[in-house]
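Please treat every number below as a calculation from the coordinates, not as lab data. What you are looking at is a predicted structure, and each value in this text was computed from that prediction instead of being measured. We place every Cβ from the backbone using ideal geometry, glycine too, and count neighbours over all the protein chains shown.
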Amino acid sequence: MSDSLVSVPLGSFQINELISINESELSVEQNHLSPKKERVIFSLIVPTFNESKNLAQLVEVLSRLLDNYFEAKFQGEFDRKVASTYELIIVDDDSPDLTWQVGLDLMPNYPKLRVMRRQGEKGLSTAVIRGWQASQGEILGVIDGDLQHPPETLTQMLDQMFNQMLDPDVDLVDVDLADVDLVVASRHVEGGGVSDWGFIRRVLSRGAQMLGLLILPNVIGRVSDPMSGYFMVRRSAIANCAMNPLGYKILIEVLGRGQIGKVAEVGYVFQERQEGESKVTWRQYVDYILHLLRLRSRGRITKIRQKLQVPIKRFLSFGLVGLSGVFVDMAILYLLSDASTLAWGLTRSKMISSEVAVINNFLWNDLWTFRNISSQQVGWRKRIRRFLKFNFICLFGIGLNILILNFLYNYLHINQYLANLIAIAIVTIWNFWFNLKLSWRVTQTK
């Protein structure tokens, strides 16, 4: 059964141009003897992870809708040597619920359906690009596998991609691609909206868009809904463009790196999930910000990261843990040093508050930031060893912190709490780098 799977493209995330064979280039004899060929106009990618409960319904709806659409749009073509059609490609990230297997079981009933099973690579954006790389379509599309994107909107989007020119000499509609490079299904134009979003989710969505406009206005400002995961793009507009996706927002990558000319938008109402669990987490927002910065830097951040070999995601997690330590540190420092509480000396208070913050930070880093490493070093002895190394490194950091704090407070006369915040920010970089290299090294894992 695995022989029916589409091979996963390897290497860079670059989409190739199509090599087309024109019917007019074939000889008369070839035209007479050759079986009817299919011109794949549209390739729709459905990235999935644990969507086995939704897949059968989604494939049935999409196949029926696209069959009817292409039959109506290309009526009269069936006597010609080249028939225009579509393909539907499921790209599954090796789901534990065997979504890919469900897709394979559906294939005998849906001849336009193809299934790709990715093992090793993860992520929605890369799944979409791998699907596009394996596709044959002149128009490339993406739709969620959870039924939150209404399939009916596809027909309006495809209409935006086509020019219809009626040939008076032939009783058929000759359909050519229009001059539109990108069609986006948007929640923020006429006919668009969300079904049942809470206030916080609405604020986060709009806040993310506003942040994008500040960081990358020329890209984000081109569409009303840059966070949309429901769109289609002309293949030639992104062919041979070096893609470097991050997270879930593939549309930003297309806008930022593709040769996108004219853009059209179609309104749609975002639906609530019927089956399965939502995959929206805070990490998506972090990836979104990093993605914006990557596009803004035009590769400069990536080059610096490669040169210094800094794992940005892990550093960001380390920084968030450090932020929790800031609150712990500030609270203890206040309780010990403030005139209204114990009124201890600043240095002694700082030493105690720093150590409490170190314990807090170690626990969170061990359970989260370096979890993939610490999970391989089981047992309390190894955890204590990691804590001692972490504490030893942070001890130097505490000394550095105290020196910076006293310098800023006593010599530059900066407010003690602001000075403490600056010192913490500097020492965070010190602590991360040396802990990355020493505290969580997997040197004794068997």
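On a 22 Å Cα-Cα criterion, which of the cross-link pairs K350/K382; K249/K313; K53/K313 come out too long? Cα-Cα > 22 Å for K350/K382; K53/K313; rest within.
Per residue, the convex hull around the alpha carbon atoms of segment 310-439 comes to 99 Å³.
Pairs of C-alpha atoms in segment 358-397 farther apart than 11 Å represent 62 percent of all such pairs. Shown is the FRET efficiency for L403 and I215, computed with R0 = 25 Å from the Cβ-Cβ distance and rounded to the nearest 0.05: 0.10.
Give the order of E87, E355 when sorted by the count of other beta carbons within 10 angstrom, beginning with the fewest. Ordered by Cβ neighbours within 10 Å, fewest first: E355, E87.
Phi angles of segment 384-391 translate, via the Karplus equation with coefficients 6.51, -1.76, 1.60 and θ = phi - 60°, into HN-Hα couplings of 5, 4, 5, 5, 5, 5, 4, 5 Hz per residue; Gly and Pro are given as x. For segment 310-439, the residue among L336, V356, I414 whose Cα projects farthest onto the positive side of the dipole built from Cβ charges is V356.
Neighbour counts of other Cβ atoms within 10 Å put M157, M107 in the fewest-to-most order M107, M157.
Please give the FRET efficiency for Q14 paired with N391, using the beta carbon to beta carbon distance and R0 = 45 Å, rounded to the nearest 0.05. About 0.45, to the nearest 0.05.
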